[in-house]
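Visitor: Below you'll find the structure I mean.
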Amino acid sequence: MTNKGKQNPTASNSDFLPLEGGPARKLPKGGEDLDSKATVLYVGRIPHGFYEDQMEGFFQQFGSIKRLKISRSRKTGKSKHHGFIEFEYPEVAKIVSECMHNYLLFEHMLQVKLIAPEQVHPKLWRGINRRQKTPVDFVEIERLKHNKDRTLEEHKKLLKTILKKDRKRRSKIEAAGIDYECPEVEGANLPASKKIRFDD
């Protein structure tokens, strides 16, 4: 009986490591090229109060930092609890990723990972010099909006909206069978402007 037509199992399964004995092929390490070139780190789960100045002061103990950025909301300016750090040397970035990954900081486990150079977005570092120190005060914005000077037409439009809501509120109270006399809305019964005629 010949072995014609039979395939060598070691040749066909060369991409797999043998379970018992036999020649084994050394699998390539996918992280070698990444570790030798990557200088940008992703830092996730950043705790509240640990912002740009604090991060820069903390990570400078490992080496020189070229750029640092914390992602923030465009509306409020608050931190999104993740950011990016670029070191000058890839060896330093590798050490930081190994030492600081799953590091407990203010009850948060930091998630630090290397980013391949080809995966770094070209617009990643846009606006890093425009650091927003204080979040936007929306309460103050609404207060100024509410207290602004209005024209007569704007005042009438606002009063119409208030009266419409007041009528809905009164109808709900009556439908519930509650005997309650709702106070009148101030300014609802404004006297109509008089038309003055001038003789030609």
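The values are calculated or read from the model by the stated rules, or taken from the named source; none is laboratory data. Nothing here was measured: the structure is a model prediction, and the numbers come from that model. Positions of Cβ are generated from backbone atoms using ideal geometry, with glycine treated the same way; all protein chains shown enter the neighbour counts.
Visitor: Residues of the range 145-156 being in a helix (DSSP H, G or I) and surrounded by 10 or more Cβ atoms within 10 Å (Cβ to Cβ), which ones?
Guide: GLU154, HIS155, LYS156
Visitor: Report yes if TYR103 is of a type in the set (Ser, Thr, Tyr) and touching a Leu at 6+ places or on another chain (Cβ under 7 Å), otherwise no.
Guide: Considered against the rule, which asks whether it is of a type in the set (Ser, Thr, Tyr) and touching a Leu at 6+ places or on another chain (Cβ under 7 Å), TYR103 comes out as yes.
Here is a yes/no grid of residues against (1) farther than 23 Å from LEU104 by Cβ; (2) surrounded by 12 or more Cβ atoms within 10 Å (Cβ to Cβ); (3) modelled with pLDDT under 90; (4) not small (Gly, Ala, Ser):
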residue	(1), (2), (3), (4)
VAL43	no, yes, no, yes
PRO47	no, yes, no, yes
GLY57	no, no, no, no
ARG74	yes, no, yes, yes
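Visitor: I'm trying to understand the selection: among the residues of the range 69-113, which are basic (Lys, Arg), in a strand (DSSP E or B) and out of contact with any strand residue (DSSP E or B) (no Cβ under 9 Å at 6 or more places or on another chain)?
Guide: Within the range 69-113, none qualify.
Visitor: Here is a further query. Out of all the residues in the range 69-104, which are of a type in the set (A, V, I, L, M), under 24 Å from the mean Cα position of the chain (by Cα) and under 16 Å from ALA38 (Cβ atoms)?
Guide: Residues satisfying the conditions are ILE85, ALA93, VAL96, MET100.
Visitor: Moving on to the next point. Specify which of the listed residues (ILE65, ILE128, ILE115, ILE95) is surrounded by 12 or more Cβ atoms within 10 Å (Cβ to Cβ), free of Cβ contacts under 8 Å to residues at least 24 places away in the same chain and among the aliphatic types (A, V, I, L, M).
Guide: Of the residues listed, the single one that is surrounded by 12 or more Cβ atoms within 10 Å (Cβ to Cβ), free of Cβ contacts under 8 Å to residues at least 24 places away in the same chain and among the aliphatic types (A, V, I, L, M) is ILE65.
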